[in-house]
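A.B. asks: So that we are looking at the same thing, I have put the structure below in structure tokens.
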Amino acid sequence: AAYGADAEALSAARERDTRSQSQRNHDALEAMLDHLLANGALGDSVALPAHLVVTASLEDLENRAGVAVTATGTRLPVTDLVDIAADATPWLEVFEGQSSQILHLGRGKRLASLAQRLALFGRDRGCTAPGCTTPWSRTQAHHMPDWQDGGPTDIDHLGGACGPHNRSVAKTPGGWETTILTSGPFKGRVGWRPTGSTEPWKVNHSLQPEKLLPAIRATQSGSAVEKWLSCRIPAPPPGPPAPPGGDVVRNPA
């Protein structure tokens, strides 16, 4: 019997309980886990097990069109993202300038912080190795130079890399070398090339956002995010007349 519980009250409760033994076991486990989570018994983590992480360009948000990308590589229409975000607490990531988020940890900490991981997702989408399609949720924060060689845990010295590609970076022939590009059309992206090579640096285009879906202009929406956007960015230019019985479809450039 439960400590301090009234035996007669427990007996009466058992009489009223019509659940199966399996259901009672399930409910007991759920109650125990709820208690552990509510009291912080599992400790802290920088992982994102219960976060919906999605990235989209400002251009697509302004046009209410295009494709957004999730941390697992799933693509969804921006119009759906706007509706989802209406009930969420968003993170805002700005690529020019700095925010109050600490993105430069130097040698004081080896593992990337939550803010750094989110920044890497916004820039890299996943593994940065050329041709690799591993999504961001299965990548590691790769140091450039490697941590063992004195590399700092700073956002401008980090890049997304899957486990195999992270381990393929080496100083000996047969491996890869990496850097953050400082000039050219891909400035700020992670470049890869064979170790010791003079070949041009290569970047991964396979995980960057693509206009895979036709841009369907939203005619009306009651979401809070739509209202927020309409107050802060100009409305998209008027499109061509709608075909009879259908939405306006505009092919992306």
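The values are calculated or read from the model by the stated rules, or taken from the named source; none is laboratory data. Only a predicted model underlies this, so the values are computations on that prediction, with no experimental measurement involved. Here Cβ is always computed from backbone atoms with ideal geometry, including for glycine, and neighbour counts include all displayed protein chains. Note: areas computed on protein heavy atoms with side chains; ligands, DNA, RNA excluded. Shrake-Rupley method; radii C 1.70, N 1.55, O 1.52, S 1.80 Å.
A.B. asks: For the stretch 85-100, does any single residue satisfy the condition of being closer than 21 Å to residue 155 by Cα, touching a Lys or Arg at 6+ places or on another chain (Cβ under 9 Å) and either part of a loop (DSSP other than H, G, I, E, B) or modelled with pLDDT under 80 (or both)?
C.D. replies: Within the stretch 85-100, the subset closer than 21 Å to residue 155 by Cα is 90-100.
If we keep only those that are touching a Lys or Arg at 6+ places or on another chain (Cβ under 9 Å) as well, we get 93, 95.
Now restrict to residues that are either part of a loop (DSSP other than H, G, I, E, B) or modelled with pLDDT under 80 (or both): 93, 95.
Within the stretch 85-100, one or more residues are closer than 21 Å to residue 155 by Cα, touching a Lys or Arg at 6+ places or on another chain (Cβ under 9 Å) and either part of a loop (DSSP other than H, G, I, E, B) or modelled with pLDDT under 80 (or both).
A.B. asks: Which condition from (1) more than 20 Å from residue 187 (Cα to Cα); (2) modelled with pLDDT under 85 is the one that residue 138 breaks?
C.D. replies: Exception for residue 138: condition (2).
A.B. asks: Exactly one of (1) within 20 Å of residue 104 (Cβ to Cβ); (2) not in a strand (DSSP E or B) is unmet by residue 159. Its number?
C.D. replies: Result: residue 159 passes all but (2).
A.B. asks: Please count how many residues of the stretch 140-175 are charged (D, E, K, R) and open to solvent by less than 50 Å² (accessible area, probe 1.4 Å). Before the answer, list the steps.
C.D. replies: So in the stretch 140-175, the residues charged (D, E, K, R) come out as 146, 149, 154, 156, 167, 171.
Then keep just the ones that are open to solvent by less than 50 Å² (accessible area, probe 1.4 Å); that gives 146, 154.
Residues in the stretch 140-175 being charged (D, E, K, R) and open to solvent by less than 50 Å² (accessible area, probe 1.4 Å): 2 in total.
A.B. asks: Still on this structure: Among (1) within 24 Å of residue 69 (Cβ to Cβ); (2) over 19 Å from the mean Cα position of the chain (by Cα), which single condition is residue 140 missing?
C.D. replies: (2)
A.B. asks: Also, I was wondering about something else. Mind listing whichever residues of the stretch 104-124 are assigned to a helix (DSSP H, G or I) and of a type outside the set (Lys, Arg)? Walk me through how you get there before you give the answer.
C.D. replies: As a first pass, look at the stretch 104-124 and keep what is assigned to a helix (DSSP H, G or I): 114-124.
Within the stretch 104-124, 114, 115, 116, 118, 119, 120, 121, 122, 124 qualify.
A.B. asks: Can you report the number of residues in the stretch 125-139 which are open to solvent by 10 Å² or more (accessible area, probe 1.4 Å), closer than 10 Å to residue 204 by Cβ and not in a loop (DSSP other than H, G, I, E, B)?
C.D. replies: 0
A.B. asks: Of all residues being farther than 14 Å from residue 179 by Cβ and modelled with pLDDT of 90 or more in the stretch 123-132, which is farthest from the chain's Cα centre (by Cα)? Just the residue, please.
C.D. replies: Once the filter is applied, the top-ranked residue is 131.
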